[in-house]
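The values are calculated or read from the model by the stated rules, or taken from the named source; none is laboratory data. Because the structure is a prediction, the values reported are computed rather than measured. Backbone-built Cβ (ideal geometry, glycine too); neighbour counts: all protein chains shown. For accessibility, only protein heavy atoms count, side chains too; no ligands or nucleic acids. Shrake-Rupley method; radii C 1.70, N 1.55, O 1.52, S 1.80 Å.
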Amino acid sequence: MWPFNRHSKRRHRSSSSNSSSAGQQRAAAAAGTAERTLRWQFSQVKGTAWEAVNEQDIISCVEFNHTGELLATGDKGGRVVVFQRSDSGLYNVYSTFTSHEPEFDYLKSLEIEEKINKIRWLPGHYRANFLLSTNDKTVKLWRVSEKDRALEAVESDPNANAQALRLPRYVPAELIVEAAPRRIFANAHTYHINSISVNSDQETFLSADDLRVNLWHLGITDQSYNIVDIKPNNMEDLTEVITAAEFHPSHCHLFLYSSSKGSIRMCDMRQRALCDQHVGIFEEADDPSSRSFFSEIISSVSDIKFSHSGRYILSRDYLQLKVWDLNMATKPVEVYPVHEHFRRNLCALYENDSIFDKFECCWSGDDRLVLTGSYNNLWRVFDRQSGGADVTLEASREGVAPGSDLKPRRVVLSAAAKAAAAQSGAGQHAELLTADSLDLQKKILHLACHPKHNCVALAATNNLYLVVSPHN
């Protein structure tokens, strides 16, 4: 045996132990980071704590602007409330205005609700911010601006020279915030609008209803271009509808739209005017052995979001969150179960119509976390960089104070499973809830993430909860 072999073995054992300890340190660091990212604190809540909730006050959409300094909510009463972030990090009411009012279509004898379906922000300009809001039929562009000067009243002076020129002057005045409609985009949709999305060129936006996607220019209100039309010649042949649509965050020619059959199609506007041929379709192969009456209902995509990098797509169906890679359309690269505990109760959910609820999803500002809502005012957070580590939390006023940590929840299938989990010690770290005990009337359908910080806005009926993570 050569002498250097003994040394090489010692060096090999030393390097192996070093690499092993380094790996353990990296794993411990990742686990610690995951624990921090999944730790959330209550910040504030907006809204009333009344038991009786007015239908008009139920929040129907939530959206941060591009900087996160402004947060807008829309409700079923057609109102838009804009909150502004203060130096302390809390959001206070900045402006409130009525965006839409109830209308009646006399030609079709249909009432058009005032409910705000979506809000999308445009980049702001000097002391003015712009947002798009839509109900079922009409999209409006609003300008929200500040005024702290007023025109000085000129008093007539009988002794003044008649030929003297008196110029009007603006003098300091109390700060007011006003919202004014700048454009109204109407009469382009036969069916209910479910999505609007602003293009990265900041000049155009799309609006989508059940069967069509239209392209608008922000400066032209009387003309739009139909870029997707899936309406069959015979409506009896209709097999799917459009559920959501969104532009790519940086490529102005690419956009997505999802369908009720669980597929996501990507279209390129450079190829043709009518994008009836997609450039990519993201869907999983159907397994005939697992098909049931509810398969198509639970596979319907309720929301889609591009990641901030533009590389991934986040989609939400009734049971799962899925992350798709633009370079692999055959299956999602990540799947996160959200409502797996309801898989055995689909019949009951169908009978009370809960199975048709449309939950939204969102990315954190760094694309590390994916979030979505659930029932009983629960919401889920999944950490993509920690092997899918997740936490379930509840939006509630009870027993929380600003800055206090939210206690994790865990949903189990039955009371027997709850007892078994409690005996194993699982209840020490999370409060156990059974699937049957969840209140299906309390649900978080709408949520939004701050673009720069780990701050989440959650719409729970008529209340807006804001929670933050110490890991920012």
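The residue 253 and residue 153 beta-carbon pair, evaluated with R₀ = 56 Å, returns a calculated FRET efficiency of approximately 0.55.
Applying a threshold of 30 Å to the alpha-carbon distances of 147/358; 46/407; 140/322; 231/442; 115/331 flags 147/358; 140/322; 231/442; 115/331 as lying beyond it.
Simple point charges give the picture: +1 on the Cβ of Lys and Arg, -1 on the Cβ of Asp and Glu, and for the chain a dipole about the Cα centre of about 2480 debye. Legend: residues 230, 116, sorted from most to least accessible area (1.4 Å probe; ligands, DNA and RNA excluded), read 230, 116.
In this rough spin-label picture, where each label sits 7 Å from Cα along the Cβ direction, the residue 271-residue 420 distance is 4.9 nm. Simple spin-label estimate for residue 235 and residue 127 gives 5.1 nm between the two label positions (7 Å along the Cα-to-Cβ direction from each Cα).
On C-alpha positions alone, give me the angle between the axis of helix 3-37 and the longest principal axis of the chain, in degrees, nearest 10. The helix 3-37 is inclined about 40 degrees to the chain. Against the set (1) 1.02; (2) 1.08; (3) 1.16, the structure's computed Cα Rg over 2.2 N^0.38 Å falls on (3). When the surface is traced with a 1.4 Å probe over the full set of protein chains, residue 296 keeps roughly 80 Å² accessible. Taking the centroid of alpha carbons for each part, the range 89-142 and the range 303-380 are 26 Å apart.
The portion of the accessible surface of the chain made up by carbon and sulfur, rounded to a whole percent, is 49 (1.4 Å probe; DNA, RNA and ligands excluded). Note on exposure: 410, 316, 169, 270 ranked by accessible area (1.4 Å probe, complete protein assembly) read 270, 169, 410, 316, with the most exposed listed first. Fully extending the segment from residue 290 to residue 56, taken as 0.36 nm per residue of separation minus the present Cα-Cα distance, adds 80.2 nm.
With protein chains left intact and a 1.4 Å probe, residues in the chain average 53 Å² of accessible area per residue. A Förster radius of 51 Å, combined with the Cβ-Cβ distance separating residue 110 from residue 90, puts the computed FRET efficiency at roughly 0.75.
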